[in-house]
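The values are calculated or read from the model by the stated rules, or taken from the named source; none is laboratory data. Predicted model, so just to flag it, every value in this text is computed and none were measured. Note that each Cβ is placed from the backbone with ideal geometry, even for glycine, and that neighbours are counted across all protein chains shown. Accessible surface areas use protein heavy atoms only, side chains included; no ligands, DNA or RNA. Shrake-Rupley method; radii C 1.70, N 1.55, O 1.52, S 1.80 Å.
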Amino acid sequence: MTYDPFQKFRWQLAHGRALELGPRGVLMAIINVTPDSFSDGGRFADATAAVAAATRALADGAAILDIGGESTRPDADPVDAAEEQARILPVIERLVRETDAIISVDTYRAETARLAVEAGAHIVNDVHGLQREPAIAEVAAETGAGLCIMHTGRDRQKLDDVVEDQFHFLSRSLQIAGEAGVTRDRIVLDPGYGFAKDADENLELMARFAELHRFGQPYLVGTSRKRFLGAVTGREAKDRDAATAVTTGLLRAAGAAVFRVHDVAINRDALAIADAMLIAKNSRRDMKP
């Protein structure tokens, strides 16, 4: 049976929460509690500023808040687990007290993931696809957290074909998750736009996005303000929100479910148009004899 990315998928999360994916696109707001993230480093580097930004994102239409304490840009300075946790845990704790938001923790560390879920986070978002610290899959299984597994080309030899490399890498990630006891209703995949992929590779991965549905899992995508958008438009990172919104519309039409973005409002509008188009398309199809 062919997988339909627009059918309902109930994404099971920690603390008894769940999120419906499929019929409408879902927005995940980026809240970087870092001094050096590539487009907004330092803006939300303390808990008060981060919570304020998260509250604005919810008002603008975000369903998920993704809290990260270490920049993932290629030349970023690494931080240790203690610093990462000191940055993000107070933010998560305050958001749990002050909002009813679904909270994601952006980390590859099993220890940080466990503490974040204990503090109230519902989703673990691992940019290393469980392959840097495989124990993070055990944390997801034991806590019931939703799990976002991202593809990356960093620190390894990639296959020449961008889609085949997705299957090569993510098949191993799904094996790790399965062996740890994570069920498929807790998993969303991410093709990892911008992670050791040049502009041509990113654009090809967008053009061939529908091929990724062979996995039969929903997809989260994160194109927001990425360098390949600058290569196409000539704009600096802070001026790439319009280009991001275009990719949101295109990838939603191709079946992406969750969109990780900096500017929630402009991407909310892009999703509104894309979803309205999809509804009209499906209505016309259903009317045919």
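When the residues of segment 181-200 are filtered to those that are within 20 Å of L19 (Cβ to Cβ) and among the charged types (D, E, K, R), which remaining residue is least open to solvent (accessible area, probe 1.4 Å)?
Once the filter is applied, the top-ranked residue is D190.
When you check G146 against the structure, is it in contact (Cβ under 8 Å) with a residue 40 or more places away in the chain, on the phi < 0 side of the Ramachandran plot and either open to solvent by 10 Å² or more (accessible area, probe 1.4 Å) or in contact with a helix residue (DSSP H, G or I) (Cβ under 6 Å, 6 or more places away or on another chain) (or both), yes or no?
Spelling it out, G146 is indeed in contact (Cβ under 8 Å) with a residue 40 or more places away in the chain, on the phi < 0 side of the Ramachandran plot and either open to solvent by 10 Å² or more (accessible area, probe 1.4 Å) or in contact with a helix residue (DSSP H, G or I) (Cβ under 6 Å, 6 or more places away or on another chain) (or both).
Could you count how many residues in segment 101-126 are in contact with a strand residue (DSSP E or B) (Cβ under 8 Å, 6 or more places away or on another chain) and either without any contact (Cβ under 8 Å) to a residue 12 or more places away in the chain or open to solvent by 20 Å² or more (accessible area, probe 1.4 Å) (or both)?
1
How about segment 15-26: which of its residues are open to solvent by 10 Å² or more (accessible area, probe 1.4 Å) and not charged (D, E, K, R)?
Matches in segment 15-26: H15, G16, A18, L19, P23, G25, V26.
Okay, residues lined up against (1) aliphatic (A, V, I, L, M); (2) at pLDDT 95 or above; (3) open to solvent by 40 Å² or more (accessible area, probe 1.4 Å):
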site: K158; (1), (2), (3): no, yes, yes
site: F169; (1), (2), (3): no, yes, no
site: E204; (1), (2), (3): no, yes, yes
site: Q217; (1), (2), (3): no, yes, no
site: A231; (1), (2), (3): yes, yes, yes
site: G234; (1), (2), (3): no, yes, yes
site: T247; (1), (2), (3): no, yes, no
site: A256; (1), (2), (3): yes, yes, no
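Looking at (1) farther than 17 Å from V33 by Cα; (2) modelled with pLDDT under 95, which one does A137 not meet, given that it meets all the others?
With respect to (1) farther than 17 Å from V33 by Cα; (2) modelled with pLDDT under 95, A137 is out only on (2).
Output the number of the condition that Y219 fails; it satisfies all remaining conditions of (1) touching a residue at least 60 places away in the same chain (Cβ under 8 Å); (2) more than 30 Å from T143 (Cα to Cα).
For Y219, the exception is condition (2).
Which residue is modelled with the highest pLDDT, if the candidates are limited to segment 272-289 and must be open to solvent by 100 Å² or more (accessible area, probe 1.4 Å), assigned to a helix (DSSP H, G or I) and charged (D, E, K, R)?
K281
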